[in-house]
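Just below is one structure, and these are the notes that go with it.
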Amino acid sequence: MSYIPAVLVLLAFIAALRFGARASKARPSDFEAIEAFARARALRVISIEQRYNPWPYWLTGHLVLSNLARIFVVTADSIEGRRELHVAFDIWRNSPAIQLLQETAAAP
């Protein structure tokens with residue numbers, strides 16, 4: 001019995017996982033773009049946290065978001081109070097610009 005096809009499938013699976021992890025890794029330019037986005041909306045960034053699960057966004061209607069998108073939750077202060085922004089950078093979209101997925105009032 002030959003194990004070559006099973007080994008090749010396993011290697012392809014491992015390569016796909018490594019590519020996905022590398023593609024969804026945060027980049028310094030992401031943080032700069034988030035800061036600029038927040039400044040344009042008159043917000044002061046408190047924290048930026050990366051999320052790796054696109055399912056909640058898919059279930060709320062953002063079906064064009066790929067599974068390789070870099071998703072961030074940004075907590076920021078504004079005049080109206082603390083805000084929570086869910087933003088994404090998707091490598092499969094035509095424009096590499098930041099996408100606002102959700103904006104809510106955050107608990108203090």
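The values are calculated or read from the model by the stated rules, or taken from the named source; none is laboratory data. It should be emphasised that the depicted structure is a prediction, and the values quoted were computed from it without experimental measurement. Quick reminder, even Gly has a Cβ in these numbers, built from the backbone with ideal geometry, and neighbours come from all protein chains shown.
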Index of the failed condition, M1 passing every other in (1) among the hydrophobic types (A, V, I, L, M, F, W, C); (2) at pLDDT 85 or above; (3) loosely packed, with under 14 Cβ neighbours inside 10 Å: (2)
Within the stretch 24-65, track down each residue that is farther than 18 Å from A105 by Cβ and in contact with a Lys or Arg (Cβ under 8 Å, 6 or more places away or on another chain). S24, K25, A26, R27, D30, Q50, V64
Got at least one residue in the stretch 50-65 being surrounded by fewer than 16 Cβ atoms within 10 Å (Cβ to Cβ), at pLDDT 90 or above and outside any loop (DSSP other than H, G, I, E, B)? yes
Could you say whether any residue in the stretch 17-35 is touching a strand residue (DSSP E or B) at 6+ places or on another chain (Cβ under 6 Å), of a type in the set (F, W, Y), in a helix (DSSP H, G or I) and modelled with pLDDT under 85? no
Out of I91, I71, sole residue that is surrounded by 18 or more Cβ atoms within 10 Å (Cβ to Cβ), within 21 Å of A23 (Cβ to Cβ), β-branched (V, I, T) and touching a residue at least 12 places away in the same chain (Cβ under 8 Å): I71
